[in-house]
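This report concerns only the one structure given below.
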Amino acid sequence: MIRRLLLVQAAALALGGQASADMGIFSSMAQNPVPLYMPGAAASIEMTAEDVFIRMLEPDRARLTGVFLFTNHGGADRVVMYFPVDILVPTVSVLYGLENVSWPLESPWVSVDGRYVEVRPLLHTTWHRWSESVTWEDMLEYTTPLADSEPADREGLFYYLPPSAWESVSMEWSDPETGFPSRIAWEADALMAAWDVDFGPGESVLVEYSMDFYLSSVGYEEFPGNYNLYYPLWTGAAWEGPIGTGRIIATWHEGEVPYPDYDSVLMPGGREFRDYVFEPLPEMEASEAWGSTLLSEVTGSTLRLGLMWEFTDFEPVVTSPRWYEFYAYEDGMDEVWMMSDGEDTVMNASAVRLRFDRPGTGIEEE
């Protein structure tokens, strides 16, 4: 698979030459883990299988549990995996969520081979080398940059704030002279949930994450539109080769939420089902860690009503190797609106989309 540059609002972010893997969308997206790009870090690791279970709780709320089997075909020993939790978009230019961040992050819940791992808040910025507000010396003194040296101008930079710093971060616009850590947090254009995964040569590792998230509504607040859920797959491109085996299930009980409209964008089509008995994918069941996953608890359950997408040796489509922001484009539900180098671009990408009517239009009110 082509190397590509990396949901709980969900949007996608492959900045400054970063690689991306299977992904989803903030607030109305959910995504697979992506490798933090260091030269050669994930070049030998494939996404052997993925199994994603989306449980619609309400038209605007979902619970997602995903299990991903990775196989190391080379010498990589540790990979930082991540996905975005909050991201700047053209209509929201401040990461207000930073005011409620703690170390470690409480959501998503992540396990590696059945063992809980700490999920850390990781910031990203587009580095402005000649900035007067934050210098490289500031970054070295007050943060932990994931770079060996100062990036070139306008390159991407990932960095950690010290755990104690999150107790006093403020995004208050009225105080332009705000000090550390707010001054440095203001520089960020995205907040990631990140964790470490250790590999040995030839070793397979099972990664699981689970979280609840709200779907965004297309339209203005006084006239709410439909609720949309995107699950983009282009992030699968950050790993070695195609995604080996994949399944995405979205399910609900009749009467809980309106029946959705759904699309398959640049990927194998989905199908509707009733009374489907959930069984693990063979690749997952063969892992010793499968029995320790949350998703394994669904085994043998009958899913009354839902949608399913299945694929094998699938290479997700990415029509642009560089993008800054990702969110639903209101006029075309099969499209992604991108901001690239200051120019607006419409881009298609492999994705699953569900759209639910606003409450009251497809379900009886009590």
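Here is a yes/no grid of residues against (1) surrounded by fewer than 23 Cβ atoms within 10 Å (Cβ to Cβ); (2) at pLDDT 65 or above:
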position	(1), (2)
Gly24	no, no
Asn32	no, yes
Pro35	no, yes
Ala41	yes, no
Glu46	yes, yes
Ala49	no, yes
Asp60	yes, yes
Thr65	yes, yes
Leu69	no, yes
Restricting region 114-135 to residues that are more than 14 Å from Tyr159 (Cβ to Cβ) and of a type in the set (Phe, Trp, Tyr), the residue that is modelled with the highest pLDDT: Tyr116
Residue within region 266-287 that is under 21 Å from Glu315 (Cα atoms) and acidic (Asp, Glu) present: yes
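Within region 258-288, take every residue that is in a strand (DSSP E or B) and surrounded by 15 or more Cβ atoms within 10 Å (Cβ to Cβ) and give me the one that is modelled with the lowest pLDDT. Give the steps one after another, and end with the answer.
Taking region 258-288 and keeping what is in a strand (DSSP E or B), we get 261-265, 271-277.
In the following step, the residues that additionally are surrounded by 15 or more Cβ atoms within 10 Å (Cβ to Cβ) were identified as 262-265, 276.
On the way: Tyr262: 84, Asp263: 81, Ser264: 81, Val265: 74, Tyr276: 95.
Taking the candidates together, the pick is Val265.
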Residue satisfying condition, being modelled with pLDDT under 85 and in a loop (DSSP other than H, G, I, E, B), within set Gly97, Gly75: Gly75
Residue list for region 210-257, filter: among the charged types (D, E, K, R) and at pLDDT 80 or above: Asp212, Glu240, Arg247
Residue list for region 186-216, filter: closer than 26 Å to Val94 by Cα and hydrophobic (A, V, I, L, M, F, W, C): Trp186, Ala188, Ala190, Leu191, Met192, Ala193, Ala194, Trp195, Met211, Phe213, Leu215
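Residue by residue through region 133-146, note down the ones that are of a type in the set (Asp, Glu) and closer than 14 Å to Gly179 by Cα.
First, the residues of region 133-146 that are of a type in the set (Asp, Glu): 137-138, 141.
Once the filter is applied, which keeps residues that are of a type in the set (Asp, Glu) and closer than 14 Å to Gly179 by Cα, region 133-146 yields Asp138, Glu141.
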Subset of region 105-133 [within 30 Å of Glu203 (Cα to Cα) and surrounded by fewer than 14 Cβ atoms within 10 Å (Cβ to Cβ)]: Glu106, Arg115, Tyr116, Glu118
Selection within region 289-304 - surrounded by 16 or more Cβ atoms within 10 Å (Cβ to Cβ) and assigned to a helix (DSSP H, G or I): Trp290, Leu295, Ser296, Val298
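Quick grid of which residues meet (1) assigned to a loop (DSSP other than H, G, I, E, B); (2) in contact with a Leu (Cβ under 6 Å, 6 or more places away or on another chain):
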position: Glu106; (1), (2): yes, no
position: Ser111; (1), (2): no, no
position: Glu118; (1), (2): yes, no
position: Thr125; (1), (2): no, yes
Verdict on Val318 being within 30 Å of Thr126 (Cα to Cα), touching a helix residue (DSSP H, G or I) at 6+ places or on another chain (Cβ under 8 Å) and either modelled with pLDDT of 80 or more or not polar (S, T, N, Q) (or both): yes
Among (1) of a type in the set (D, E, K, R); (2) more than 30 Å from Glu208 (Cα to Cα); (3) modelled with pLDDT of 85 or more, the one test that Glu167 misses: (2)
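The values are calculated or read from the model by the stated rules, or taken from the named source; none is laboratory data. Just so we're clear, the structure is a prediction, and the values are computed from it rather than from any experiment. A quick note on method: Cβ atoms are made from the backbone with ideal geometry, for glycine too, and the neighbour counts reach across all protein chains shown.
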